[in-house]
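Student: Following this message is one structure expressed as structure tokens.
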């Protein structure tokens, strides 16, 4: 594990967090959310169906979004992942292609009010997004404020599931200790998120095999796990999938499927 937590310690921390979070939900009269089943890794169709082809730089213009979507159509990626302001263009470009649009929400800091994140998600979905990657409130996690975390993730999950859309919770693992990663995974799962995701790519670090293995161990076989940040080659992607990832977020999607090594932060 990333900081040497034993399997017994991981299990204990997850159990304690799950018990506390369930008690909070029950007191609020809510049932814990049920994530969608995660598809088992199947590489027969190659790596493209695992990849969220990503462009989140603030300076990205319409020409770059058009190129991103053209590449996604050609390669058959799972989604293109863009900022919410670029969802309408991406949705128009990908209509009828089978490639979904994924929008980030509360990005990249995660420090907005839950209602603001939920509203951004609602607008993105109305504009054509089919998946939402929301950044959870890292400060609330550091405070061990489970009610705030459950509200934070749950508000976006509710909007997504009402629209039959997938919700991924971004943990920003580079800022967390292992026990905080465990808490974030458990809370995201109980709030009903469909995936937990490592990173924004803007938080000073990205996905590691150790973090993916830890996240998979905590959430079990049902929930999706997305590796994002610094995945630039086929070897990187395969290592993440072997460790338990069921989705890869990368700006180097084309290089990955071609067996090359891409550039970029995400």
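Student: With a cut-off of 8 Å between alpha carbons and a minimum separation of six or more residues, what is the relative contact order of segment 7-258 in percent? Don't jump to the answer; show the numbers that get you there.
Tutor: Numbers: 521 pairs, mean separation 53.9, N = 252.
In percent, rounded to a whole number, it is 21.
Student: Now, a different point. Express in whole angstrom the spacing between the alpha-carbon centres of segment 185-227 and segment 17-76.
Tutor: Their Cα centres are 11 Å away from one another.
Student: While we're here: Neighbouring Cβ atoms within 10 Å as the yardstick, rank 92, 172, 179 fewest first.
Tutor: If I rank by nearby Cβ atoms, fewest first, I get 92, 179, 172.
Student: Right, another one. Would you mind ranking 188, 103 so that the residue whose beta carbon has the fewest other beta carbons within 10 Å leads the list? If you can, show how the numbers build up before the last one.
Tutor: On the way: 188 34, 103 30.
Ranked by crowding around the Cβ, least crowded first: 103, 188.
Student: A follow-up question, please. Using mean Cβ contacts within 10 Å as the protection proxy, how do 25-35, 70-80 order, highest first? Walk me through the numbers on the way to the answer.
Tutor: On the way: 25-35: 13.9, 70-80: 20.5.
Descending packing order for the listed peptides: 70-80, 25-35.
Student: If you don't mind, another one. From the list (i) 346; (ii) 111; (iii) 138, can you say which value of volume of the Cα convex hull per residue in Å³ was derived from the structure given?
Tutor: It is the value labelled (ii).
Student: Antiparallel versus total DSSP beta bridges in the chain: what percent is that, nearest 5?
Tutor: So the antiparallel bridges amount to about 5 percent of the total.
Student: Against the longest principal axis of the chain, how steep is helix 7-27, in degrees 0 to 90 to the nearest 10, with axes from Cα atoms?
Tutor: Taking the Cα atoms of the chain, the angle to 7-27 is about 80 degrees.
Bear in mind that the values in this text are calculations on the coordinates, not laboratory data. As the structure is a computational prediction, the values presented were derived from the model and not from experiment. Reconstructed Cβ throughout: ideal geometry from the backbone, glycine too, with neighbour counts over all protein chains shown.
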